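> To start, I am sharing the structure in question, which I have written as structure tokens.
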Amino acid sequence: MPISKHDIYWNPKKSPYNFEKYDSKLESWMMEKLDADPTVVKWMKRHGITIPWVDVQKHMRRYCPDFIVEYIDGHKCILEVKDPSRVDSDEVRRKRKAAEMWCKRRGMEYVVATTD
């Protein structure tokens, strides 16, 4: 599956917006999956969340996760989609650790999804 493909997902069923932009084929695939999932109440790509994290050179960075998702049971999660070949990279591990702590403080879950 190609990683980079920027476009617009028109008329999502469960986003509050009439379109959402995606940055990869994986994100487009996830938007379709979230819209079809009966346990999902709503999802957003344009959520405004940024999570601070520290890179290998000890520089503070800001990470904007792919999606925020709310389920019918009321729980919310930050959902990140990654190509399986990138899941174990140092950058992704650092962002994941920061996002997991961020979510824990807010009673949310952090999930990394791949095509596997």
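The values are calculated or read from the model by the stated rules, or taken from the named source; none is laboratory data. Every value quoted in this text rests on a predicted model; they were computed, and no experiment measured them. Backbone-built Cβ (ideal geometry, glycine too); neighbour counts: all protein chains shown. For accessibility, only protein heavy atoms count, side chains too; no ligands or nucleic acids. Shrake-Rupley method; radii C 1.70, N 1.55, O 1.52, S 1.80 Å.
> Provide the per-residue ³J(HN,Hα) series for segment 34-42, in order, calculated from phi with Karplus coefficients 6.51, -1.76, 1.60 and θ = phi - 60°, each as a whole number of Hz, with x at glycine and proline positions.
5, 4, 8, 6, x, 8, 8, 8, 7
> Could I ask something else about it? Given the whole protein assembly as supplied and a 1.4 Å probe, what does the accessible area of Ile8 come to in Å², nearest 10?
50
> From the phi of every residue in segment 45-57, what ³J(HN,Hα) in whole Hz does the Karplus formula 6.51 cos²θ - 1.76 cosθ + 1.60 yield, where θ is phi - 60° and glycine or proline is x?
Whole-Hz 3J(HN,Hα) from phi for segment 45-57: 9, 8, 9, x, 7, 10, 10, x, 8, 10, 7, 5, 8.
> What does the charge dipole of segment 43-91 about its Cα centre add up to, to the nearest 20 debye, if the Cβ of each Lys and Arg holds +1 and the Cβ of each Asp and Glu holds -1?
Numbers: 8 positive and 9 negative charges, 55 e Å.
Charge dipole, segment 43-91, about its Cα centre: 260 debye, nearest 20.
> Restricting the count to DSSP beta bridges whose residues both fall in the chain, what percent are antiparallel, rounded to a multiple of 5?
On the way: 17 of 22 bridges.
So the antiparallel bridges in the chain amount to around 75 percent.
> Assuming R0 = 35 Å, can you tell me the calculated FRET efficiency for the pair Ala36 and Cys64, based on Cβ-Cβ distance, to the nearest 0.05?
Here the calculated transfer efficiency is 0.90.
> Dividing the alpha-carbon radius of gyration of the chain by 2.2 N^0.38 Å (N being the number of residues), what value is obtained?
Working: Rg = 14.1 Å, N = 116, 2.2 N^0.38 = 13.4 Å.
Dividing the Cα radius of gyration by 2.2 N^0.38 Å gives 1.05.
> Here is a follow-up. Please report the accessible area of Met101 (heavy atoms, 1.4 Å probe, ligands and nucleic acids excluded) in Å², nearest 10.
100
> Using a 1.4 angstrom probe and counting only protein chains, how large is the accessible area of Ser15 in Å², to 10?
Taking all protein chains as shown, Ser15 has close to 10 Å².
> Convex hull over the alpha-carbon atoms of segment 1-48: what's its volume per residue in Å³?
Details: hull volume 3.5 nm³, N = 48.
Measuring per residue, one finds 72 Å³ for the Cα hull of segment 1-48.
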